[in-house]
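Following: one structure in structure tokens, then a few remarks.
The values are calculated or read from the model by the stated rules, or taken from the named source; none is laboratory data. Values in this document were obtained by computation on a predicted structure and should not be read as measured data. Cβ placement follows ideal geometry from the backbone for every residue including glycine, while neighbour counts extend to all protein chains displayed.
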Amino acid sequence: MALSKKPYRGCRDFFPQDMRVRNYLFDRMKTTAERFGFEPYDGPLLEEVELYKAKSGEELIGEQIYSFTDRGDRFVAIRPEMTPTLARMVASVHKETTKPIRWYSIPNLMRYEKPQRGRVREHWQFNVDIFGAPENLAELEVFSLITQFLASFGATSEMFSILVNDRKVVDAVFNKLLNLNQDQSYKLYKVIDKAKKVDEAKLDQMIKDIITDTEQFNIFKKYLSLTNFQDLKSFLDDNNLAKDCDSLLTLTEKITSLSLDEYIVYDPTIVRGLDYYTGVVFEIFDKHPDNSRAIAGGGAYGNLLSIFNEEPLGGIGFGLGDVTLRDFLETHQLLPDLSNADLDLLVVNTDEKHNLENIILSNALRKNQLRVESHLGKIKFNKIFKLAESKGHNVVAIIEERDEKLSVQLKNLKNRNIEFFEPNETEKIYKYIEDAK
Ligand code: HAM
């Protein structure tokens, strides 16, 4: 039986046209992160499964991880997320590194998931994290970066929201108001995480399986119905919880001073599926009804370094997937037309006796930083312009004999202007091409 030409389920081949989009997205990620003073890092594709077991959570370990035992009997996994690797790396250098540490990365990650819109098995994830910054300031920096990153594509607050909650608020509601034990709290976290994905009756049933007391059930439903920071504040005041949750309340004031309030919305159902978050948690949510989903998610984690026996060093960051970003940009028509390569010049010859002159001219022009494609071998005259246009060139150079002398005919494919040069007039040829850009 012939082998399939398709990639492994849930994974993608990146043909040149896909690679153009990927590079475009990655360039924006790098530019924005570096504009905020973040430095790039990377880690290995494989990690010991123990690293994820320590803090990532049941769903990732039990259902999504690609794991195997290597030839040396080590139980390893293909990285399903970057944060544990980042924590391991930070743990090994943080003592001698000036704080705050600001690092970014764009790793490919693998999760065994059911492929569907916005969900694949291999995705690339823009990770941005800050360690050791004073409380609230790192959150503001990360929110500023996200809004500027999406604004660089033309996205506005009409198109996306940053849905915010705080695990301290959820813990206060669970422990002080509902008196839940650890097991009930853990289960209720998982229920809230699924709250938007199930209908109300199903949700109520899931809650009742954990909270049997009607009064407590109603308090919890009241919490779930909060839609803004004002209501949250009243709810916390009424229930004597405000002092346990003052960091989120202070953060909201600062958000307003930075004019970030047009993006940020309080959402009690945001708790995040990963276990290591301990503070503010958030998701970037697409407001378009056709693509109502999270583009990115993140939060603050206070104790991740403790798994390496290090002193606590708080971190906060987010991961933004390439697939969800592309869906968002396409839904809002913010992705430019990248169907063609953007090249400066195609050099062709119609007679094979000029094959070498073609390469010589191409090499001379490449020394001037031009992106030059040398068409290898002769080509029929009537095929030249179609080929050049299909490949996204701005200009074509045709090497041919005119009046028994070798000449270079340049044609600007945008305005159809034609000029003739001698092959050694590279400066003039260069200028012609620059002017055609
Ligand atoms: P996460 O919520 O698991 O967080 O993933 C973050 C983002 O990665 C999602 O919002 C989505 O854009 C993308 N993503 C995740 N899984 C898939 C998938 N199967 N297919 C396509 N895209 C996907 C984390 O991974 C945290 N480690 C992020 C973080 C960094 N928190 C702090 N720093």
- Note on the structure: Within segment 212-225, residues over 20 Å from Ile270 (Cβ atoms) and assigned to a loop (DSSP other than H, G, I, E, B) come out as Thr212, Asp213
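Can you find, within segment 162-196, the residue that is surrounded by the most Cβ atoms within 10 Å (Cβ to Cβ) among those that are within 17 Å of Asp246 (Cβ to Cβ) and more than 28 Å from the chain's Cα centre (by Cα)?
First pass over segment 162-196, keeping only residues within 17 Å of Asp246 (Cβ to Cβ): 164-173, 175-177.
Next, only the ones that are more than 28 Å from the chain's Cα centre (by Cα) stay: 171-173, 175-177.
Numbers: Asp171: 16, Ala172: 20, Val173: 25, Asn175: 14, Lys176: 13, Leu177: 18.
Per the criteria, the residue is Val173.
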- If a residue has to be of a type in the set (S, T, N, Q) and surrounded by 13 or more Cβ atoms within 10 Å (Cβ to Cβ) to count, how many in segment 197-227 make the cut? 1
- Query: Counting only residues that are at pLDDT 95 or above and touching a Gly at 6+ places or on another chain (Cβ under 8 Å), how many does segment 333-351 have?
  - Reply: 1
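Would you say Glu158 is touching a residue at least 24 places away in the same chain (Cβ under 8 Å), within 25 Å of Val49 (Cβ to Cβ), charged (D, E, K, R) and not in a strand (DSSP E or B)?
Values: touching a residue at least 24 places away in the same chain (Cβ under 8 Å): yes; within 25 Å of Val49 (Cβ to Cβ): no; charged (D, E, K, R): yes; not in a strand (DSSP E or B): yes.
Considered against the rule, which asks whether it is touching a residue at least 24 places away in the same chain (Cβ under 8 Å), within 25 Å of Val49 (Cβ to Cβ), charged (D, E, K, R) and not in a strand (DSSP E or B), Glu158 comes out as no.
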- Message: Can you tell me which residue is modelled with the highest pLDDT among those in segment 52-75 that are in a helix (DSSP H, G or I) and acidic (Asp, Glu)?
- Response: Glu63
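For every residue, the table says whether it meets (1) under 30 Å from Thr156 (Cβ atoms); (2) aliphatic (A, V, I, L, M).
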| position | (1), (2) |
| --- | --- |
| Lys197 | yes, no |
| Asp204 | no, no |
| Asp238 | no, no |
| Asp246 | no, no |
| Thr250 | yes, no |
| Ile255 | yes, yes |
- Note on the structure: When segment 105-125 is checked residue by residue, the ones that are within 10 Å of the ligand (Cβ to nearest atom), part of a strand (DSSP E or B) and either within 16 Å of Gly302 (Cα to Cα) or under 16 Å from the mean Cα position of the chain (by Cα) (or both) are Ser105, Leu109, Met110, Arg119, Glu122, His123, Trp124, Gln125
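Name every residue in segment 97-125 that is within 30 Å of Glu253 (Cα to Cα), among the β-branched types (Val, Ile, Thr) and in contact with a strand residue (DSSP E or B) (Cβ under 8 Å, 6 or more places away or on another chain), in order of residue number. I'd like the intermediate steps shown before the answer.
Filtering segment 97-125 for residues within 30 Å of Glu253 (Cα to Cα) gives 98-104.
Those still in the list that are among the β-branched types (Val, Ile, Thr) too: 98, 101.
Once the filter is applied, which keeps residues that are within 30 Å of Glu253 (Cα to Cα), among the β-branched types (Val, Ile, Thr) and in contact with a strand residue (DSSP E or B) (Cβ under 8 Å, 6 or more places away or on another chain), segment 97-125 yields only Ile101.
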- How many residues of segment 126-144 are in contact with a strand residue (DSSP E or B) (Cβ under 8 Å, 6 or more places away or on another chain) and either closer than 21 Å to Tyr263 by Cβ or surrounded by fewer than 16 Cβ atoms within 10 Å (Cβ to Cβ) (or both)? The answer is 11
- Task: Taking the residues in segment 324-349 that are of a type in the set (A, V, I, L, M) and touching a strand residue (DSSP E or B) at 6+ places or on another chain (Cβ under 7 Å) as candidates, determine which candidate is nearest to the ligand (Cβ to nearest atom).
- Result: Leu325
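Out of curiosity, is Leu274 modelled with pLDDT under 95, closer than 29 Å to Arg326 by Cα and either over 22 Å from the mean Cα position of the chain (by Cα) or away from the ligand (no atom under 11 Å from the Cβ) (or both)?
Values: modelled with pLDDT under 95: yes; closer than 29 Å to Arg326 by Cα: yes; either over 22 Å from the mean Cα position of the chain (by Cα) or away from the ligand (no atom under 11 Å from the Cβ) (or both): no.
So Leu274 does not fit the description; no.
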- Note on the structure: Taking segment 277-323 and keeping residues of a type in the set (Val, Ile, Thr), in contact with a helix residue (DSSP H, G or I) (Cβ under 9 Å, 6 or more places away or on another chain), within 12 Å of the ligand (Cβ to nearest atom) and not in a strand (DSSP E or B) leaves Thr278
